[in-house]
Amino acid sequence: MDVLSGDYSKPEVVVTTSNQITITHANLNAMCLNKDLLVGVPNQVKVRVKTSLKYNALPTYSKEEILTITPFEDLVIPLPPSNELYLQGSAVPTNWGYPLPVSQKLTKDPNKAVFTITTTLTGGKELVFLSVNGFYGNPAYKALTSSQPLVGGLFTENKAPNWLGSNIIIPPATGVYKVTVNFVSGTFSIVKQ
């Protein structure tokens, strides 16, 4: 599967070793979300079947079919009730203090459940994602475990009564990083710019 304007250079692929395959609504929706199609809007995609009868044999492709699909937002973690997200911690200028400046507010993509910010972070320090400016919100968002890679990983809601998760540790070098928080996949990334 690819977007209508795509050339199948980076397709969404489903593999089977038999002559049958079942693709669920959830599978198809995940493929559409991976292609960054707009949620709640009819989108056209193209699909084809690729077959190969022998190892290293040239593949054969079916006729291309056009499908109209309306992806739905399927979140691993619910969006913050405020629909806002802020950086807080020792890795940012406020160093756990309040109020949080606008410079620590992440920007939400209007078409996806993804928040991003590009900002300077202090290397080796910690941060969390807050849903409220002014206090440690309920929920806040933290790394799922203390062993997440320094470049990102899974995150979780940190709220009463369980208060799950661990503070996120920034890579060792101080510098400008792009932070992305994806509620569809339940992942965050911290990439040096």
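Taken together, the values in this text are just the output of simple stated rules run on the coordinates, not laboratory data. Everything quoted here is computed from the prediction, not taken from an experiment. Cβ coordinates were reconstructed from backbone atoms using ideal geometry, including for glycine residues, and neighbour counts include every protein chain displayed.
For the range 2-69, with only Lys/Arg (+1) and Asp/Glu (-1) charged at the beta-carbon, what is the dipole magnitude about the Cα centre, in debye rounded to 20? Could the numbers behind the result be given before it?
Numbers: 7 positive and 6 negative charges, 45 e Å.
Roughly 220 debye, rounded to the nearest 20.
Give me the three principal axis extents of the range 1-106 from the C-alpha atoms, as integers in angstrom, largest value leading.
63, 32, 24
Apply the Debye scattering formula to the range 34-165, with a single equal point scatterer on each alpha-carbon and no solvent, then give log10 I(q)/I(0) at q = 0.14, 0.17, 0.22 Å⁻¹.
Debye intensities relative to I(0), on a log10 scale: -0.75, -0.94, -1.38.
To the nearest 10 degrees, how steeply does helix 25-34 sit against the main Cα axis of the chain, on a 0 to 90 scale?
On a 0 to 90 degree scale, this one is about 70.
Dipole magnitude of the range 1-150 about its Cα centre, charges +1 at Lys/Arg Cβ and -1 at Asp/Glu Cβ only, in debye to the nearest 20?
Computed about the Cα centre, the dipole is about 260 debye.
5 Å is the cut-off here: which amide hydrogens, built 1.01 Å from N in the peptide plane, fall below it relative to Gln88, excluding neighbours closer than 5 in sequence?
Val128, Leu130
Which of Lys54, Lys10 comes first, and how do the rest follow, when ranked by fewest Cβ neighbours within 10 Å?
The order, fewest Cβ neighbours first, is Lys54, Lys10.
Taking the chain as a Gaussian network, Cα atoms linked when under 10 Å apart, which of Ile21, Ile170, Ile66 shows the biggest mean-square fluctuation?
Residue with maximal mean-square fluctuation among Ile21, Ile170, Ile66: Ile21.
For Lys35, go through the lysines and keep the ones whose alpha-carbon is under 25 Å away, minus same-chain ones fewer than eight residues off.
Lys10, Lys46, Lys50, Lys63, Lys108, Lys112, Lys178, Lys192
Can you show me the helix-derived [θ] at 222 nm for the chain, built from DSSP H runs with n ≥ 4 at -39,500 (n - 2.57) apiece and divided by the number of residues, rounded to the nearest 500.
Result for the chain, helices only: -1500 deg cm²/dmol.
Please return the longest stretch of the chain lacking exposed loop sites, where GluC sites (Glu not before Pro) count only if DSSP places them in a loop and at most 14 other Cβ atoms lie within 10 Å.
Result, exposed sites excluded: 74-193.
Can you sort Phe183, Phe135 from fewest to most other Cβ atoms within 10 Å of each residue's own Cβ?
Phe135, Phe183
Once each part is reduced to its C-alpha centroid, what is the distance from the range 123-141 to the range 20-93 in angstrom?
Rounded to whole Å, the Cα centres lie 29 Å apart.
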